[in-house]
1. Return the label of the correct value of percent of Cα pairs over 37 Å apart, as calculated from the structure shown, out of (i) 66; (ii) 45; (iii) 51.
2. Taking 35 Å as R0, compute the FRET efficiency from the Cβ-Cβ separation of E599 and N731 and round it to 0.05.
3. Is region 767-882 rounded, prolate or oblate when judged by the Cα gyration tensor, a ≥ b ≥ c being the square roots of its eigenvalues, rounded requiring a/c under 1.5 and prolate requiring a/b larger than b/c?
4. In the neighborhood of P64, defined by Cβ-to-Cβ distances under 15 Å, what is the net charge if each Lys or Arg adds +1 and each Asp or Glu adds -1?
5. What is the distance, in nm, between label points placed 7 Å from the Cα along the Cα-to-Cβ direction at Q842 and at E112?
6. If the reach is capped at under 16 angstrom between alpha carbons, list the lysines near K218, excluding any in the same chain fewer than eight residues apart.
7. Over all distinct Cα pairs, what is the inverse of the mean 1/r for region 524-568, reported as the Kirkwood hydrodynamic radius in Å?
8. For the pairs K274/K569; K694/K819; K345/K606; K131/K274; K606/K819; K429/K586, flag any whose C-alpha to C-alpha distance is greater than 27 Å.
Amino acid sequence: MIRTRWLVGSLILAYAVTASAQQPTTATPIAMPPSLGEQQAQNGLPTNGQTGSVSEISESRILPNGVEIRSGRTIMRVTALRDDILRVQAAVTGGQPLTEDGSWAVLPGLREKTVAVESTSNPSTLGFRTKLLDVRIDRATARLVIADLQGNIINADALGHTTNFQNGSFRVSKTLPSDEHFFGLGDKTGPLDRREQAFSMWNTDAFGFQESTDPIYKTIPFFLSIDHGVSYGIFLDNTWRSSFDFGRSERLAYSFGSEGGPLDYYFLYGPEPKQVVEDYAYLTGAPPLPPLWSFGYQQSRYSYTPASRLREVADRLRKDKIPADVLWLDIDFQDRNRPFTVDPKTFPNMPQLLADLRAQHFHTVAITDLHVAKVPGEGYAPYDTGIAGDHFVHNPDGSVFSGVVWPGPSVFPDFTQQQSRAWWGTLYKQFVGYGFAGFWNDMNEPSVFDGPGKTMPLTTVHRIDEPGFATRTATHAEIHNLYGMQNARGTYEGVLKLNPGERPFVMTRASYSGGQRYSVTWTGDNSATWNHLRMSTSMLENLGLSGYAFAGADVGGFANSPQPALLTKWLEVAAFQPIDRDHSAKGTADHEPWVNGPEQEALVRKFINARYRLLPYLYTVAEETSRTGLPMIRPLFLEFPHANKDGHPVDLDAGGEFMFGPSLLIAPPAYPDTLDKYSLNLPGNGWYDFWTGKQLPAIPSEAELKVLFQASPDGSTMQSPAAQAAMKAINANRIQPTEEELPVYVRAGSILPMQPLVQSTEDVPQGPLQLRVYPPVGSGAACAGSIYLDDGHSFRYQQGEYLREEFTCARTADGISVKVSPQQGSFVPWWKQMEIVVYGWQQASAHASVDGQRMKAQVEATESAVRVVIPASASGVEVVLTR
């Protein structure tokens, strides 16, 4: 019966369909979707339809510094800039040479660098050798393989994949070994390791971002790889929207590509990860040394208004003896949210306010967003002078683009024109004259409230007038990712021109590779959650690896109000990060250190005090960063690249730990809101507790533990002294989280310079410079430290007005010797004496000699330390401590 009904129903339906098909009908018009070319034009993308691939080699050419091949309509060139840096370029040219060779990221002149190579071509491969690398291109497939001189493959194009170009876009695929790990790409969210993740590079106003949010504020298309202890990096110099897939889509390959622009990437060989980071800084520039005050504690809010509120915060910081150097003003100090204005009602005398704060040793930083209020005829100078000079971005029809941001309808400077950047810089004249010490470029992705995707339309027109580039127009699709970088550049160069004797301080939210040359940064509008506190560490580590070594996160979380314990713990951790700025959003609870009562305030003060006592060490690390690009906050693998026998990065086993410079290891729990004990992972040979000075017992290796705890019939091995000592060491490395404590450890063999406590970086420390000596563990281990000092604000250090001293120590038969090298540079330090504190001293007494002259030494048995105070000497000194 059921079958019959089904059959009848089917016949009726078939008849109805047939009958309907036989009746004449009037077709309803359908709006067909745009063609691919039309879609590209609507989105500011290339419309030239370039399609091709790098496959079988049809032509080749040997170059003095590399090779060039043709594969059909596609050309690829691989050249050596240095023995450890290669450049790979490819494009669909139809027989024409490679096009415009410009870069916003790579320093001028470096793309033309060259090193002689040895040709190694044969019937099956085309290639060359440098003093470090063997580069081969397979003639049949055009597969690029890079190996060391022993034949170990470092990086290779993926089998079965070709480098493809499709309508202006491209994609490159690389083989993915089973234990390769990836780091970098700037302040992306998620874990430290990028493996099995995929990312889009498109600067985005990402308020309220979470751990899975992508993209966010910056485009830094550089990553560092570690595979069995060997490290390399790849920098894709392409400003268009790009993407990176580290094995998320394919198990055996990772890839990167872009929707437009040149295929132009650099291969940076280590094999140590530090060398890769330094190579990237060589290409894109190390960050300039900021003023010393920027490393002090910084207090901010959206917003401190009126002026009396800012004075109140400053007074309270000084009254409660919480060291601080910087106060920030968000947009509410402005007149109707218009950049470069001051509200005369809430801030009636800005120059006097800033002068009064300077008298209290505070530096004030002002926000100067790039959206210029569109208010013709109102006497608003930024708009009037910008229109007169044709300095704003245009629509395709030639009119000035306008979008809504904080002031309402706004126009946007055309920062890819050098003359427009120079005009932008002149807008700071009044604020510099008022006494603002630094400037904050926010909202510069750019964020446009009523724009598509909360930004400019991609067809918006920019004009490029820049050395190294053809003078031409470009769509916003090409310029978007570097817009914030060029905004910060205009600010930095403008402020420097207005006040050439002082180091500019500029903070930016959005940027592109190389932006570290002009600004510091922060991780954007985070949230007041434990998860964001935890995530800030990996974001800052990856920013540091990606050039932005001077960076911070909004302490306490920008959005929402933190629990008291969360705010306290965040302030504790941030004391050991490059930029320590407490910042919060409008409508949230106050964030200042005292808001949760005297007990919490005392805890916070302890950690800020520690930061200020560590300023000689911190500033020394910062100066190293300005020369080498090595970050201040570091993954453990940067200092201990071979901590694991199989070569995998030690950070993957180390929870929330990170390095602050080369000597300090900070060890918050991986999940700071939990109460569970957690194990430390302390690589290297020996550590000391920073707070107590006590040496941590060494944990036996896995092989030693296996012998110690090997089962026996009566279990006697568990009772042996060696086994008991091993258990004690293991238990000592198990930490119970508390609100009051943050584990901090000093690497054995370190010498830390520290100073007496001050309330600001402008205060002259009263007392001796302290050298904390943490002797090495084991024979032959190194022991060293250093200090760098200058006036903290000018460029006179570049003319030799600086001080640098190196310190070393060595164990002797019955004690230890500490050597202070002769001072370098002409800067005169503040200290007249040095207090040398040697930890790990196990005797009840000590004798000291200084350059062979006997003197008294003070022993503090409670810290297992010996102290001796000596006169400072510009010519160097040796102190020998004996039992």
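No value in this document is a laboratory result; all are computed from the given coordinates. Remember, predicted model here, so these are calculated numbers, not experimental data. Ideal geometry is used to build each Cβ from the backbone, glycine not excepted, and the neighbour counts take in all protein chains shown.
1. After the calculation, the listed value that fits is (iii).
2. Values: r = 29 Å, r/R0 = 0.83.
E between E599 and N731, to the nearest 0.05, is 0.75.
3. Prolate, since a/c reaches 1.5 and a/b exceeds b/c.
4. Within the 15 Å Cβ shell, the charges total +2.
5. For the pair Q842/E112, the computed spacing is 6.3 nm.
6. K188, K454
7. Roughly 10.8 Å, rounded to one decimal.
8. Result: K274/K569; K345/K606; K606/K819; K429/K586 exceed 27 Å.
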